[in-house]
Amino acid sequence: MRTLIVLTLLAVLVMAATCYESHESMESHEYFNPFLNRRRANDFIQADTRLRAITQERIRERSKATQEHQRELCEDYYPCEIYAYRHGYAAAYKHYFGRRRTK
């Protein structure tokens, strides 16, 4: 019986020592307000330059020059591509796709 009381007292002391909340944790500003505002949230994380480069590449892909868009259309259509080898892509696009008008 005596050993059971000693073990219970020892368990209570170990629990009190490990579960004690120190004064330093109470001083932390995160204890009262654990959420950061949006501006401070990104202060300590630096943006990855590779990710920024990939994003810029995706933006460039969406906004292509008209000549590049016309060339891609002409490359997808085989007769236009053959015509482009002899006369150039601008003339081939104008020959095959230039007459199309939408009302």
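Numbers below:
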| quantity | calculated |
| --- | --- |
| Computed lengthening from E72 to R40, 0.36 nm per intervening residue step minus Cα-Cα distance | 7.0 nm |
| By accessible area with a 1.4 Å probe, ligands and nucleic acids excluded, highest first: order of L36, L13 | L13, L36 |
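The values are calculated or read from the model by the stated rules, or taken from the named source; none is laboratory data. Quick caveat, the model's predicted, so the values are computed rather than measured. With ligands, DNA and RNA removed, areas are computed over all heavy atoms of the protein, side chains included. Shrake-Rupley method; radii C 1.70, N 1.55, O 1.52, S 1.80 Å.
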